[in-house]
1. What do you reckon, is residue 80 within 16 Å of the chain's Cα centre (by Cα), without any contact (Cβ under 8 Å) to a residue 60 or more places away in the chain and surrounded by fewer than 17 Cβ atoms within 10 Å (Cβ to Cβ)?
2. Please find, among 92, 72, the residue that is surrounded by 15 or more Cβ atoms within 10 Å (Cβ to Cβ) and farther than 18 Å from residue 199 by Cβ.
3. Write out, first by first residue and then by second, each pair whose Cβ atoms fall under 8 Å of each other, whose residues are 6+ apart or on separate chains, and whose first residue, in the stretch 116-145, is free of Cβ contacts under 8 Å to residues at least 12 places away in the same chain and outside any helix (DSSP H, G or I) while the second is of a type in the set (A, V, I, L, M) and loosely packed, with under 14 Cβ neighbours inside 10 Å.
4. Is it the case that some residue within the stretch 150-164 is under 23 Å from residue 186 (Cβ atoms), of a type in the set (D, E, K, R) and modelled with pLDDT under 95?
5. Within the stretch 47-88, which residues are touching a His at 6+ places or on another chain (Cβ under 6 Å) and in a loop (DSSP other than H, G, I, E, B)?
6. Where residues in the stretch 28-73 are among the basic types (Lys, Arg) and under 26 Å from residue 115 (Cβ atoms), which of them is modelled with the highest pLDDT?
Amino acid sequence: MDFLKKWIVVGMLLIPVCVWSQESPDPDPLTADQLSEQDRFEWRTIALGAAVPGPLSIRLIQQAVEGRTSVFVSPTQHWIAFTPQRFRNYPFLHLEMCGTPPSLSLQEKLHFRDFFNAGGTLFLDHCDGKTSYEDWKQWSAAIYPDTRWEPLSSGHVLSFSFYLLEKRIMLDRGRVSIHVLENDGRFMMVMNQNPKFSWKRFRQSQVSRLRNEFSDEMRLRFYINLMMYVLTGNYKSDQLHLPTILLRRK
């Protein structure tokens, strides 16, 4: 009986707490800056080997991109294991085309399709080692047989600088080294065949938010365009970032 009385007393003490928690006010809505902080662009590279490298600082790139645009960039590059069933959790993935493309099971092909159908973009990048671009094109065709790679045209959205809309990037002075694989008007994969525009070369450069040496400047513009396209889908008609950009130009 004493045991029952004790539980009744505890229950009575807990009732006001429960009522208070239910009637507590809703948290204040997040500001635009707070929302942007939660929507950072993260550079994630797929590790094809057994070992997955640790995070690497890309703070110079972060400062250069955030100094030119309203995009927030994570200050570190992360590697993830080659596990296609988890790729759908990411909107963008980077993969260096080192060596022979990995063979894909039927299930892994379907996981890659899930990644693309969910809006994901895969950036196939030049590798310092021996790279057979045709092998990687055939690898992508195994995922989407009814699509084909096209050279990046001068009129494509990636050919124009996001923050200097009237300026072309001039990726390779006439020789096309960037190809895209599109489906239903949206590119799913980008292939870079030029070591000058590889992510590794860009990461190692001393790029800044100010005007850079020509090659570094062209790299910065290309990667900004790539980030903006992934974030908005069609940034030429998306005015979300315009107020922040105009404010920074004052």
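The values are calculated or read from the model by the stated rules, or taken from the named source; none is laboratory data. Because the structure is a prediction, the values reported are computed rather than measured. We place every Cβ from the backbone using ideal geometry, glycine too, and count neighbours over all the protein chains shown.
1. Taking the combined requirement at face value, the residue satisfies it.
2. After ruling out the rest, the residue left standing is 72.
3. Within 8 Å, no pair qualifies.
4. Restricting attention to the stretch 150-164, the residues satisfying the condition of being under 23 Å from residue 186 (Cβ atoms) are 150-163.
From what is left, the residues that are of a type in the set (D, E, K, R) are 150.
Imposing the further condition that a residue be modelled with pLDDT under 95 reduces the set to 150.
Within the stretch 150-164, one or more residues are under 23 Å from residue 186 (Cβ atoms), of a type in the set (D, E, K, R) and modelled with pLDDT under 95.
5. Within the stretch 47-88, 55, 70 meet the criteria.
6. Once the filter is applied, the top-ranked residue is 44.
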